[in-house]
Every structure is written in C-alpha cells, then in structure tokens.
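Structure first, commentary second.
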Amino acid sequence: MGDKKITMETIQTYVRLDNEIHMMEIKNIRKSLKMKEDQLKDVQQTESQLKTHYKECQDKTKKEKADVDDLTGKGGQIQASLGKAKFDQQMSKEQAEYLEALNKEELAKKDLEGITKQIQDIQAEIKNLTPEVEKLDKLVAEQEELLSSIFKGDYGSQKENELESKMDMLVEKRNRVGVAKYKWTNGKVLLQHAVNQLAYAVKKWDELGKLDKSDTKTMYTMATEARNNLSAAIQNLQNTQKYLSNIQFPYCKEDEIKTLQKATANVYIDMMTTDRHKHALNCFSVTHKRSYALLQWFDSVLTSVIEKDFRSASDEERECSKQLRIERLRLMKESVEKDGGTCNLDASLQREQEECGQEEINDKQVEQELVGLTDADDVPGSEGSSKNMPPPTPMPLKDLAPPPSEEMLFGNINKLKDQYTKEKSEFTKVQEMNKQRLDQGLQEKLAARRNRKKRVQEE
C-alpha cells in the first residue's frame, strides 16, 4: 500500500469523515434495517395465516347464512310439524350462529387489512434505510482507506489500537441499548392507544347495557363501536408483543388476549341478555386495567433502566471517540513534523473540542428522532373518539412486576467486554513477539478488525 503524505488537508478530511460516520452510526441504521427486515418476514408470515383464517370465516358465514335461508324457506312446513314456539327457538339459534359468524368474518377482515398496512409501512422504512446504510458503508471504506494509507496498513500506536477496539465494543453496546430504547418507546406508544381504545370500548359497552332492549338499532351501533375499539386494542397489544418477542409480559399475556378475542367475537350475542352483558363488561374492564398496568410497567422499565443505560453508553462512547480522534490527530502531527512540515495541533484540537460539543447536541436531536417514531396515524384505529380517555386507578409502583434482566433487554453485553479484553491481550502479545514488523497474517487480521463496524453483531 502506498504511503500518503499527511497535510492539514488530510487531517481535515479525516475529521470530516469521522464526524459523518459518527452522526450516521448514532442513528443505529444498520441494526434498524436488520430489525425491520426480520419484522417484515414475521409480519408476512402472519399475513399468510390471516388470509387463510379470513377465507375460513367467509366459508363459515356462507354456511350459516344458507342454514338461515333454508329454515326460512321451509318455515311453513317446520312450523306445522314442530309448532311455532319450537320453530322460533330454532330460527333464533340459526340467526345467532349466522350473526356470530358474520362478526368473526368482519373482525378477520379488519385484522387482515391492518397487517397489510403494516407490511406496506415496513417496506417503506426498509426502502428509506437501505441507501443510508450503503452511504455509511461507503464512508467507512473511505475512512479505512485513508487511515491505512496514513499508517501504512498498521495501527499508528498501541493506544490507537486499544482505543479503536474499545470504541467498537462501546458502539455495539450503545447500539444494543438504542435498539431496546427504540422498541420499548414505540411499544409504549402502541400500548397507550390500546389503553385508550379499551377505555372507550368499556364506556360504550356500559352505556349499551342501560339501553332499552327494544332499541335494537342503537344497540347494534354501540356494540359495533365497542367491537371495533376492542379489535384495534387487540392488534395494538399483539403488535407490542411482536416488538419485544423475547420479553415475557407480566400483564395482558397471550391467554388473556385470546379471552378478549372470544368476548369481542360474541358482542352481538352478549348484548342481548343482562348476565352475558355483565360477564363481557367484566372481561373488558379487567383487560383495560391490566393493559394500564402494562403501560405503567413499560414506563418504569424505560425510565429506571433503559434511558439511564442509554445515557451512560452514549457518554462512554462519546468520550472514547474523543480520545481516539485526539490520538490519531497527535500521530498525524508527528508524521507531518517528521517530514519537516508544521502542524497547528492546538487549532485542530480546539476544533475537535467544539465539534464534540456540537455532536453531543446532535446526538440528543437524533435520539429524539429515533424514539417515538410510531405515529398515531399508523396505529390500528377505531371508530369514535378513543383519545385521552381517563385511565383506571394506577397500580402502586411497589406492586409492579420487576423489570427484565439486562441480558433480556440488551443481549449479553459482558460478552462484548470479554471480546475486547481478549483482543487487547492478543495484540499486546503479538507486539511483544515482533516489535519490528507485523507479518502478513496479522495485517490481514487487523484489516478485518478495522472493518468490524460493517458487521451487525448478533448473539
């Protein structure tokens, strides 16, 4: 590899590249892209299952409708043989089964429409992220080529090696915590919608129970409004769990959601009798309270664990980045002076300090962009106004479930630290064995490690 004479322009190019790379990396775009690609596969699989379910519901509705039509067509004959009372009982049973099947078909259609919208949104996000990742890869390659030409394929010093290795570890740590923050914050947005929708459904269902049973038109309108809010809340609860598939929720678990789904499918039957109406109301109310407890739990995990760890990881990375850049600028200064030139390092370091200060401000702006990205318009909706519904009585904080473990939240971060310590030890041993020249095999190893930023590390 040819040597590159270092000038002030070289130093400025390095600083510019380092700034651009840093500002793109704190957006965590590589992990965000992979997360969206994995999410797309999962959602597409769900869409396939929902299409099958919707077709089954349509077939069931056709069968139940045919049974009602058949009974209606033979009404005179059956009344003559069974009597009017038994005929009316049989007709009521067939109509109820048809109504239940029709309701399930409409819910299945809503679920399918919701998942199709999700796929479109995820595909759009992937389309936007892909060129960003490609741009970052290009900048990293340009910076690595510049550093390799400056330091002749080696590291400028053992300190630079250690700082870069530590930097890789800290970037990965901050990325993992950042992904957790992104998921939990967006999950919290979905949960807030679910809580509001359940509150609105409970309100409408309670009002429905006070109506005169002869006012069937208003009863059906209210039941439909409650059902649609319940259906939307179920989707939001399920999507929250998909965001955090490795986390076991302490409230609104899978069996609770299934119970709510069954009750939602039976609203038109349950509204007809007082006992069934009260039983359904209890189911809706309990789930509403449990969903609010889950929202409290999310808020607690975010504020007491994730946000604190994110700030700490960002500060660690920022300080290491500063030290790495200062060391590289010092090495470049030495090279310039060795060639007989002059380099105003004090001015460069002053710019470095100013830029680091600006980066801290930019980091916070990017952080705000990263979280809360789930817009209300992209959340499965409902009929009526479910926004800003009064919450149930909060659960005392001391009674909330404990937060998940650090490993469940962020993966095995200790493994990253162990890998950094191991690489640092190996590099020191090699330096002691051969201080004059690194063999070609180690040069290749170093080159591969320099490109470690390009890889998305997974557990």
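We did not get these values from a lab; they are worked out from the coordinates using the rules stated. This structure is a prediction, so every number in the text was calculated from the model and none was measured. For neighbour counting, all protein chains shown are included, and Cβ atoms are generated from backbone atoms with ideal geometry for every residue, glycine included.
The table for this structure:
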quantity: Phi-based couplings in Hz for the stretch 8-24 (Karplus 6.51, -1.76, 1.60; Gly and Pro marked x); calculated: 4, 5, 4, 4, 5, 5, 4, 4, 4, 4, 4, 5, 5, 5, 4, 5, 7
quantity: Prolate/oblate/rounded call for the stretch 244-340, Cα gyration tensor, a/c under 1.5 rounded; calculated: prolate
quantity: Pair GLU142, TYR220: separation of 7 Å Cα→Cβ label points (nm); calculated: 6.5 nm
quantity: Extension gain (nm, one decimal) between VAL68 and ASP299, 0.36 nm per residue minus Cα-Cα; calculated: 78.1 nm
quantity: Violating pairs (Cα-Cα greater than 29 angstrom) within the set LYS152/LYS308; LYS55/LYS93; LYS188/LYS258; LYS34/LYS415; LYS5/LYS173; LYS110/LYS289; calculated: LYS152/LYS308; LYS5/LYS173
quantity: Simple spin-label estimate for MET272 and LYS242 in nanometres, 7 Å along Cα-Cβ; calculated: 3.4 nm
